[in-house]
Amino acid sequence: MKNRISVLIVDESQTFSMYLALLLQRMGFKSLRVSQTESAKFVLSRGFTDFLIVGDLAGPEPKHQIVRELTASFPDSSIPTIVISKQDDLAEKQACHEAGCQAYLLKPVQPKALHAALNDHITPFSEKRINLRSKVDMISEISIDRQAPQQLQLLTLSRGGALVAYDKNLPTGTRISMSLPLEGELISLTGSVIYNRTNIDAKISRAFGVLFHQGNALHGERIEGYLESMLEECRLVSDSEAALVKDEQAAAV
């Protein structure tokens with residue numbers, strides 16, 4: 001994505017919204033967190049939000065009514081909306097869909113389900129990510145066009161391919177062989193370069209995208225299982241950060 005998709009998170013729980021923001025960041029999205037509907041209305045009224053996620057909020061107002069109120073604040077009232085609730089309520093789920101909600105997920109939210117719900121409603125189609133994808137910080141032994149292997153950094157990974165930091169552009173179709181280190185084992189993969197990117201961030205100026213060749217389906221399952229496990233660890237990180245914030249607030253009293 002050239003310009004990252006922006007997601008507004010509305011949830012009263014600091015711990016959950018921090019977890020969700022970290023999860024989204026690793027999936028390649030950017031996010032803003034608010035805990036009240038009035039703050040959400042103000043953000044939405046500016047028109048720069050691509051997705052709305054409505055979580056649990058204080059007060060008796062049902063979620064479908066909150067969805068109606070918030071989406072009415074968006075300039076054209078057509079912002080894709082996902083509800084994430086701790087209540088498995090069939091009637092409320094139906095009411096949310098009737099209010100314009102595209103997906104109704106349950107807490108604890110599963111990374112794969114969230115990824116699918118977001119990508120089902122991304123436009124244009126070229127921006128959609130069919131497979132679960134995450135940022136990674138991984139070194140892999142990679143051979144480019146059957147040359148001697150190099151130690152290169154993987155920036156993102158999915159069962160379908162990867163983004164690899166590299167200091168020069170490669171022709172589309174260049175053959176790539178990769179030894180992917182997953183949980184103490186090396187998985188051998190082959191693929192082809194499908195695009196080049198520049199200005200990745202302040203430290204990395206160039207990278208190439210590789211599409212893995214269809215091969216052993218087990219490899220794809222293992223990659224996806226690894227990513228799900230890694231993304232689940234975001235919950236532990238957010239819990240630790242939330243506990244630290246509470247400690248700092250208590251110390252300031």
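The values are calculated or read from the model by the stated rules, or taken from the named source; none is laboratory data. Please read these numbers as outputs of a predicted model, since none were measured by experiment. So basically every Cβ, Gly included, is an ideal-geometry build from the backbone, and we count neighbours across all protein chains shown. Accessible surface areas use protein heavy atoms only, side chains included; no ligands, DNA or RNA. Shrake-Rupley method; radii C 1.70, N 1.55, O 1.52, S 1.80 Å.
See the values below:
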read-out: 27 Å Cα-Cα threshold exceeded, pairs from Lys30/Lys112; Lys63/Lys135; Lys30/Lys203; Lys86/Lys112; Lys112/Lys168; value: Lys63/Lys135; Lys112/Lys168
read-out: Helical segments meeting 27 Å axial Cα length and Kyte-Doolittle -1.0 threshold in the chain (DSSP H); value: 217-252
read-out: About the Cα centre, charge dipole magnitude for the chain (Lys/Arg +1, Asp/Glu -1 at Cβ), debye; value: 980 debye
read-out: Helix-derived mean residue ellipticity, 222 nm - over the chain, DSSP H n ≥ 4, -39500 (n - 2.57), to 500; value: -11000 deg cm²/dmol
read-out: Filtered GluC sites (Glu not before Pro), segment 114-217: DSSP coil and at most 12 other beta carbons within 10 Å; value: Glu183
read-out: 10 Å-binned pair-distance histogram of the chain (Cα, whole percent); value: 7, 27, 30, 21, 12, 3, 0
read-out: Sites Lys86 and Met138 - FRET efficiency at Förster radius 41 Å, r taken between beta-carbons, to 0.05; value: 0.75
read-out: Stokes-Einstein D (µm²/s) once Rh is taken as the Kirkwood radius of segment 130-232 over alpha-carbon pairs, at 25 °C in 0.890 mPa s; value: 179 µm²/s
read-out: Spin-label model distance (nm) - Lys168 vs Gln110, 7 Å beyond Cα toward Cβ; value: 4.5 nm
read-out: Carbon + sulfur, % of accessible area of the chain - ligands and nucleic acids excluded, 1.4 Å; value: 49 percent
read-out: Rule-of-thumb Rg ratio for segment 28-131 [Cα; 2.2 N^0.38 Å; N residues]; value: 1.04
read-out: Mean-position separation - Cα centroids, segment 22-83 and segment 119-189, in angstrom; value: 33 Å
read-out: Environment charge at Leu132 (Cβ cut-off 11 Å; Lys +1, Arg +1, Asp -1, Glu -1); value: +3
read-out: Cα-projected label distance for Lys41 with Glu221, points at 7 Å along beta-carbon direction, nm; value: 5.0 nm
read-out: Spin-label pair His97/Gln14, simplified geometry with 7 Å Cα→Cβ offset, distance in nm; value: 3.7 nm
read-out: Mean separation of Cα contacts under 8 Å, 6 or more apart, over the residue count of segment 1-139: relative contact order %; value: 22 percent
